[in-house]
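The values are calculated or read from the model by the stated rules, or taken from the named source; none is laboratory data. For clarity, every value in this text was computed on a predicted model and none was experimentally measured. Please note: Cβ atoms are built from the backbone with ideal geometry, for glycine as well, and neighbour counts cover all protein chains shown. These area figures cover heavy atoms from the full protein model, side chains too; ligands, DNA and RNA do not enter into them. Shrake-Rupley method; radii C 1.70, N 1.55, O 1.52, S 1.80 Å.
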Amino acid sequence: MAEINASIGFDRALWRQDIRGSLAHARMLSAQGIITPDDEAAIRAGLADIAGEIEAGRFDFDPGLEDIHMNIEARLSERIGEPGKRLHTARSRNDQVATDFRLWVRDAIDAIDARLVSLMRALSTRAMEFHATPMPGFTHLQVAQPVTFGHHLLAYVEMLARDRGRLSDARARLNECPLGSAALAGTSFPIDRHATAQALGFDRPTANSLDSVSDRDFALEYLSALSILGIHLSRFAEEIVIWCSGPYGFVTLSDAFTTGSSIMPQKRNPDAAELVRAKIGRIAGHLIGLMTVMKGLPLAYAKDMQEDKEPVFAATDAAMLSIAATDGMVRDLAPNVERLRLFAGSGFATATDLADWLVRVLKMPFRNAHHVTGKLVAMAEARGCDLSGLSLADMQSVEPAITDDVFSVLTVEASLASRTSHGGTAPSNVARAAQLWIDRLGEDA
């Protein structure tokens, strides 16, 4: 029973938030005349001393006291006597842990957001550096149309911006204070819940005492946002793995983010990317785990909710490490510009430009243009050349109205330059978008 009941092995991570909550609670109790100013002063000094002990590694965490709340309270009473025993007036461990956990998740969101800003700045800076560098754009992992390397990197900036938005939304929703809800029904003491909410940086106190102590939506929403973020990081990691492989050779990573083989001395394995790719398994697994814990719980608090913290702590560690590793790889990777340029024009990547030319210049319906282009691609494929390798006579044998002006759109550079629609891959677009992100992220940082 002692082993299954105790949570101090992991919820000690909440000690900063627990002390912050207790300081705010004591201040409110004193202001309301529930405890004396002398008691509050003693509590404040005692909690400061305990924080120092924990920081210095001198605090003796006792599993027999179950959790961080009882450990700190017991040590406080040991240090200051009777005033320490008055601290728990008008609160319960139920509202205390709900408050501490919200504070912890809020702090974690702020820390993750700062790391995301750094990663997005790295991506935007590299995007500006390679805003005009051609590379193959893929659908179905088949060469589709030329894009720029900078445009590709900026796609991940957009994804991460949505991740920041989801985390910001989750932060706004969790920013209500459960403290003062007590065990489940509120308290008969004349407390000021608005005062404690304000002191702890919450927007307002929670509105329903039952919901206050039993809600873990904020943890689920946070893990959900982390899971989507993890998917984005995993997708980018997968691309780095592919790009680093011998058949592609699009980018290289230095020894700082690769490892060697125990038997093959020539190997440089993109292990950092592979591990980032794997971390989503942990993060999403923790989301499913906590959803399963919460799915059948009646109101209000149940001890099942003790299982809420480990998945959130572990998912946060995985996300923080994944962001940092991705940030490092983005700054480290070196694109093979010539190889990217070579593959950008492979696989008849300018076929769409040919079809667009037939529509724009010959006023051909697009479906007819698509059909004509398909015939010309088949001809070029049979002859082992690309579209620009066909002669004008070859093209006119399929569509007599084609002129030699068509060759002006069949280069990779012409294809890129033509994609000027909003959000398109034209180098001018990419440079402008990269600069906008650099400026915006500089303000956020």
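The table below gives the values:
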{"read-out": "The range 165-305: Rg to Rh, with Rh as the Kirkwood radius over Cα pairs", "value": "1.22"}
{"read-out": "Heavy-atom accessible area per residue - the range 1-89, 1.4 Å, Å²", "value": "48"}
{"read-out": "Kirkwood-based Rg to Rh ratio, the range 334-389, C-alpha trace", "value": "1.09"}
{"read-out": "Carbon + sulfur, % of accessible area of the chain - ligands and nucleic acids excluded, 1.4 Å", "value": "54"}
{"read-out": "D_trans [Stokes-Einstein, Kirkwood Rh over alpha-carbon pairs] for the chain, 10 °C, 1.306 mPa s, µm² s⁻¹", "value": "61"}
{"read-out": "Relative contact order for the range 346-444, counting Cα pairs under 8 Å that sit 6 or more residues apart, in percent", "value": "23"}
{"read-out": "Cα long-axis angle, helix 217-244 against the chain (0 to 90 degrees, to the nearest 10)", "value": "30"}
{"read-out": "List Ile34, Ile323, ordered by accessible area with a 1.4 Å probe, largest first", "value": "Ile34, Ile323"}
{"read-out": "Computed helical MRE - 222 nm, the chain, DSSP H runs ≥ 4 contributing -39500 (n - 2.57), nearest 500", "value": "-21000 deg cm²/dmol"}
{"read-out": "Calculated on alpha-carbon atoms, Rg and Dmax of the range 346-444 in Å", "value": "16.9, 58"}
{"read-out": "Calculated diffusion of the range 171-223, Stokes-Einstein form, Kirkwood radius summed over Cα pairs, 10 °C and 1.306 mPa s, µm²/s", "value": "139"}
{"read-out": "Principal-axis tilt of helix 93-129 within the chain, Cα atoms, nearest 10 degrees", "value": "30"}
{"read-out": "Distance histogram in 10 Å bins (all Cα pairs of the range 230-324, percent per bin)", "value": "15, 35, 24, 15, 9, 3, 0"}
{"read-out": "GNM top mover of Ala378, Ala122, Ala90 - the chain, alpha-carbon springs below 10 Å", "value": "Ala378"}
{"read-out": "For the range 22-147: rounded, prolate or oblate by the Cα gyration tensor [a/c cutoff 1.5]", "value": "prolate"}
{"read-out": "Evaluated at q = 0.15, 0.25 Å⁻¹: base-10 log I(q)/I(0), Debye formula over Cα of the range 287-368", "value": "-0.76, -1.10"}
{"read-out": "Net dipole in debye of the chain [+1 Lys, Arg Cβ; -1 Asp, Glu Cβ; about Cα centre; nearest 20]", "value": "780"}
{"read-out": "Contour excess over end-to-end distance, with Cα ends at Gln198 and Ala144 and 0.36 nm allotted per residue", "value": "14.0 nm"}
{"read-out": "Ratio Rg/Rh [Cα only; Rh per Kirkwood] for the range 118-233", "value": "1.26"}
{"read-out": "By accessible area with a 1.4 Å probe, ligands and nucleic acids excluded, highest first: order of Ile438, Ile54, Ile240", "value": "Ile438, Ile54, Ile240"}
{"read-out": "Cα pair distances exceeding 15 angstrom across the range 1-89, given as percent", "value": "56"}
{"read-out": "Choice from Thr187, Thr139, Thr36 with maximal GNM fluctuation in the chain (Cα, 10 Å cutoff)", "value": "Thr139"}
{"read-out": "Solvent-free Debye scattering, log10 I(q)/I(0), computed from the Cα coordinates of the range 369-419 at q = 0.18, 0.25, 0.31 Å⁻¹", "value": "-0.57, -1.04, -1.28"}
{"read-out": "Percentage relative contact order, the chain, counting C-alpha pairs under 8 Å, at least six apart", "value": "18"}
{"read-out": "Separation of alpha-carbon centers, the range 320-368 and the range 89-145, rounded to whole Å", "value": "26"}
{"read-out": "Convex hull per residue volume in Å³, alpha carbons only, for the range 282-322", "value": "52"}
{"read-out": "Share of alpha-carbon pairs per 10 Å distance bin for the range 85-179, given as whole %", "value": "15, 28, 22, 16, 11, 6, 3, 0"}
{"read-out": "Radius, Kirkwood style, for the range 198-273 when every pair of distinct Cα atoms is counted (Å)", "value": "16.5"}
